[in-house]
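Beneath this line is the structure, given in structure tokens, with notes to follow.
The values are calculated or read from the model by the stated rules, or taken from the named source; none is laboratory data. On a predicted model such as this, the values are computed, not experimentally measured, just so you know. So basically every Cβ, Gly included, is an ideal-geometry build from the backbone, and we count neighbours across all protein chains shown. Surface accessibility is based on the protein's heavy atoms, side chains included, excluding ligands, DNA and RNA. Shrake-Rupley method; radii C 1.70, N 1.55, O 1.52, S 1.80 Å.
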Amino acid sequence: SQTLNTVAGLGVGPWAEGVRRAATAVGRDEALRGGVIVYQALHDLREGMGMTGTVLGKLTAPGFQSVEGWNRVVTYHAGIDYATEQAAKAMGGDKGAIRGLKAMGLDTERIAKDGVLTTADEVKAGRSAVERFQFLVDPQDLPGWANGPWGKLIAQFRTYGYKQTGYVANELLKPAGEFMKSGGKEGSLA
């Protein structure tokens, strides 16, 4: 579902560009420098579950680190590609593009004037996409019972489900409702 979130939120074109960039060493290095993947942190997340959690993790989520890292790299680059496309549209006054850039926390006024993203804008756009579609979860977001190996395993999937529900409501259904209310005159759903 993480891939579907990225496609639904950013589009097939940016996702495909993300896949292309993630398949290169340069693309993976850029995402690493952007701070969206920290392989040691992903490893520690799995290993922090202790012996029981590690064995359980290998049985229930083989390849977790590789898949999670891949999803983050793809989404990082998809976010940059999406923001670049929206910047060009924002320069032409497209309100949907301006909303899309604003949702990423970018300076829409400046970007709408020249249609150009700075390197800092690109990093911010990529990180925003990862946070929105890959659901970064901090330890303080988890309930106390999630400290043990079994609790961590259960919390991992419960937190994702909770965040997935919020994503569908806020990122898909709400904009679709607003689009329908406007009679389809507000540009894209982004």
(request) Take 91, 104, 180 and sort them by solvent-accessible surface of the protein heavy atoms, 1.4 Å probe, largest at the top. (result) 180, 91, 104
(request) Give, as a single signed number, the net charge of other residues whose beta carbon lies under 12 Å from the beta carbon of residue 119, with Lys and Arg counted +1 and Asp and Glu -1. (result) -1
(request) Quickly rank 94-100, 27-33, 72-78 as a protection proxy: mean count of other C-beta atoms within 10 Å, highest first. (result) 72-78, 94-100, 27-33
(message) Order 178, 17, 109 by their accessible area, 1.4 angstrom probe, all chains in place, largest first.
(response) 109, 178, 17
(request) Obtain the nm distance between the two label points defined at residue 179 and residue 67 by a simple spin-label model: each point lies 7 Å from its Cα along the Cα-to-C-beta direction. (result) 2.8
(request) May I ask for the net charge around residue 85, where only other residues with Cβ less than 14 Å from the Cβ of residue 85 are counted and Lys, Arg are +1 while Asp, Glu are -1? (result) -3
(request) Provide the net charge surrounding residue 28, with neighbours chosen by a C-beta distance below 13 Å and charges set as Lys +1, Arg +1, Asp -1, Glu -1. (result) +2
